[in-house]
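Structure record follows, encoded as structure tokens.
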Amino acid sequence: MTRPRRVGVLALQGDFREHLAALRACEVEGVPVRLASDLDGVDALILPGGESTTMARLMEPGLKASIQRRSADGMPVMGTCAGMILMARDIKDGRPDQEPLKLMDISVRRNAYGRQIDSFEAEVESQAIGAPGPAVFIRAPQVAERGPDVEELASHGGHAVALKQGNRLALAFHPELTPDRRWHQYFVSLDGESR
Ligand code: GLN
């Protein structure tokens, strides 16, 4: 497989509709994923923004296990904001019952930007998307630690805000909330075989 043809979007809570719309704009078929069986027909998966505690609670155990297995087998996964939190190996100050999927070797701190600037828009620069593009941060997480295999694709204010490990991509912001589709295009161009 080269480019993913059908991209699943975890559709339990959060802004999955915006991700489905972004995929349509990229002329890629988006598939809402609610059950483990929904994963069977997809080549890649997006974990949307929203509330990571709620999403973790609504995911049935079979779905969590399938996501972990497919990711280990090479399925590309992108998490945005709450989705990034779900991808982490460890959540600082998460809720005790909030078990992340541990898809990437990152440790994240939820709601790390504080009250004053907990939501803002900024220009983010990355070779992954070419020229700088808009990024919407809403009660965004910050990366506290990352392993040696995790590459920083973009930073803002001294913090890594886009990270890549093999074909797993974690963004602290919401590319789905801007008309700029380059992050989705970048994601769907990731090779399904590489780890
Ligand atoms: N603060 C949210 C959480 O902890 C994430 C916010 C978002 O996805 N915009 O899950």
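The values are calculated or read from the model by the stated rules, or taken from the named source; none is laboratory data. These numbers come from a predicted model, not from an experiment. Every residue, glycine as well, gets a Cβ built from its backbone with ideal geometry; the counts of neighbours run over all protein chains shown. Surface areas here come from the heavy atoms of the whole protein model, side chains and all, with no ligands, DNA or RNA. Shrake-Rupley method; radii C 1.70, N 1.55, O 1.52, S 1.80 Å.
Here are the numbers for the structure shown:
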| read-out | value |
| --- | --- |
| Sole residue being under 20 Å from ARG139 (Cα atoms), crowded, with 18+ Cβ neighbours inside 10 Å and modelled with pLDDT of 95 or more, chosen from MET75, MET87 | MET87 |
| Count of region 21-55 residues which are in contact with a Gly (Cβ under 9 Å, 6 or more places away or on another chain), farther than 15 Å from GLN185 by Cβ and open to solvent by 10 Å² or more (accessible area, probe 1.4 Å) | 12 |
| Filter result (within 16 Å of the ligand (Cβ to nearest atom), touching a Leu at 6+ places or on another chain (Cβ under 9 Å) and either open to solvent by 20 Å² or more (accessible area, probe 1.4 Å) or free of Cβ contacts under 8 Å to residues at least 40 places away in the same chain (or both)) within region 155-190 | VAL161, ALA162 |
| Set ALA160, ALA170: member being more than 16 Å from ALA22 (Cα to Cα) and in contact with a Gly (Cβ under 7 Å, 6 or more places away or on another chain) | ALA170 |
| Wholly within region 32-142, helices (runs of 4 or more DSSP H) carrying at least 1 residues that are more than 16 Å from the ligand (Cβ to nearest atom), within 23 Å of ASN167 (Cα to Cα) and not acidic (Asp, Glu) | 61-72 |
| Listing of strands (runs of 3 or more DSSP E) fully contained in region 151-195 that carry 1 or more residues being over 18 Å from GLY83 (Cα atoms) | 151-156 |
| Yes/no for GLN98 being among the polar types (S, T, N, Q), over 23 Å from VAL7 (Cα atoms) and surrounded by fewer than 22 Cβ atoms within 10 Å (Cβ to Cβ) | yes |
| Selection count, region 60-86, where residues are touching a helix residue (DSSP H, G or I) at 6+ places or on another chain (Cβ under 6 Å) and at positive phi | 0 |
